[in-house]
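Novice: This structure is in structure tokens; I'll ask about it shortly.
The values are calculated or read from the model by the stated rules, or taken from the named source; none is laboratory data. Keep in mind that this is a model prediction, so the values were computed, not measured. Because the Cβ atoms are built from the backbone with ideal geometry, glycine has one as well, and the counts that use them run over all protein chains shown.
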Amino acid sequence: MPIRIRPQIASYAVAPRWGTVMTSDNTDEIVASLKDEIEALCRYLLGEPNRHLSSAHNWRYGNKGALSIEVGPGAKCGLWKSHEDDAGGGPIQLIRHVNSCSVAEAFAFAKSFLGMEGTRPAPRPRPEPKPAPAPDASRTAHAKAVWAGTVPLSGTIGATYLVEFRGVPSESIAALEPLVRFHPTYRASPDARVSHAALIALATDSDDNASAIQAVRLQGD
């Protein structure tokens, strides 16, 4: 879905009061000023960018980074592209895209945002971020139990699999053992009736405690 926030423009922007007829010099000055404030404009309109997908000069919004905005210096500053609805342009078009407003309303908003109308509009309220879900206690307990039943890789069919089928140098097997080990009778769940030989890779939390595992089942032959 496209990233859109649709408050009523009247709730934060003043009505157009140019006093004089808008000229290309007026609009160029406003656009240039918006580019100078592009990071603040993006934060005001859209909040914080997706830090995992953004860089210092290119900010991304949305879970997949579909909205891309250039915030670095240079000729591209202020240019943006929405890959979800094939829209794009400069700062004024960004205001129109987010606020679903006319050109005149976008310039009125820009003047207010830049302080040309007295004061900048108050920041819009944003929902508190949802806390990360707590890990499933039963799955964590199972992961710890499985890991406790593992043995070092060396001399097992797990080591043979890694060397012969995955191309891992035999001298590197020992270096894997802090997080990859062998389980001779791995069960996918505590009540599973069938067991398999398996490679077990461990995932840990920020305190280096076991939190999850990944298993690769192996054939004995």
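Novice: Among the residues of region 190-221, which ones are of a type in the set (S, T, N, Q) and modelled with pLDDT under 85? I'd like the intermediate steps shown before the answer.
Specialist: Of the residues in region 190-221, the ones of a type in the set (S, T, N, Q) are 195, 204, 206, 209, 211, 214, 219.
Within region 190-221, 204, 206, 209, 211, 219 meet the criteria.
Novice: When you scan region 35-92, how many residues do you find that are of a type in the set (Asp, Glu) and touching a residue at least 60 places away in the same chain (Cβ under 8 Å)?
Specialist: First pass over region 35-92, keeping only residues of a type in the set (Asp, Glu): 36-37, 39, 48, 70, 84-86.
With touching a residue at least 60 places away in the same chain (Cβ under 8 Å) added as a condition, the list becomes 37, 84-85.
Qualifying residue count, region 35-92: 3.
Novice: Considering each residue of region 96-111, count those that are crowded, with 18+ Cβ neighbours inside 10 Å and touching a residue at least 60 places away in the same chain (Cβ under 8 Å), and give that number.
Specialist: Residues in region 96-111 being crowded, with 18+ Cβ neighbours inside 10 Å and touching a residue at least 60 places away in the same chain (Cβ under 8 Å): 10 in total.
Novice: Answer with yes or no whether residue 91 is within 30 Å of residue 70 (Cα to Cα) and modelled with pLDDT under 85.
Specialist: Numbers: within 30 Å of residue 70 (Cα to Cα): yes; modelled with pLDDT under 85: no.
Spelling it out, it is not the case that residue 91 is within 30 Å of residue 70 (Cα to Cα) and modelled with pLDDT under 85.
Novice: Can you pull out the residues in region 186-213 that are in a strand (DSSP E or B), within 35 Å of the chain's Cα centre (by Cα), farther than 18 Å from residue 152 by Cβ and not hydroxyl-bearing (Ser, Thr, Tyr)?
Specialist: 203, 212, listed by residue number.
Novice: Residue 55 is checked against (1) of a type in the set (S, T, N, Q); (2) touching a strand residue (DSSP E or B) at 6+ places or on another chain (Cβ under 9 Å); (3) closer than 16 Å to residue 39 by Cα and fails just one. What number does that condition carry?
Specialist: Condition not satisfied by residue 55: (2).
Novice: Just to be sure I understand, how many residues within region 113-157 are modelled with pLDDT under 65 and among the hydroxyl-bearing types (Ser, Thr, Tyr)?
Specialist: Here the count works out to 1.
For (1) of a type in the set (D, E, K, R); (2) in a helix (DSSP H, G or I); (3) modelled with pLDDT of 90 or more, each residue gets a yes or a no:
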| site | (1), (2), (3) |
| --- | --- |
| 21 | no, no, no |
| 41 | no, yes, yes |
| 52 | no, no, no |
| 77 | no, no, yes |
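Novice: Of all residues in region 172-185, which are modelled with pLDDT under 90 and either part of a helix (DSSP H, G or I) or under 14 Å from residue 142 (Cβ atoms) (or both)?
Specialist: 172, 173, 174, 175, 176, listed by residue number.
Novice: Within region 188-197, does at least one residue satisfy the condition of being closer than 21 Å to residue 211 by Cα, out of contact with any Gly (no Cβ under 9 Å at 6 or more places or on another chain) and buried (at least 17 other Cβ atoms within 10 Å of the Cβ)?
Specialist: no
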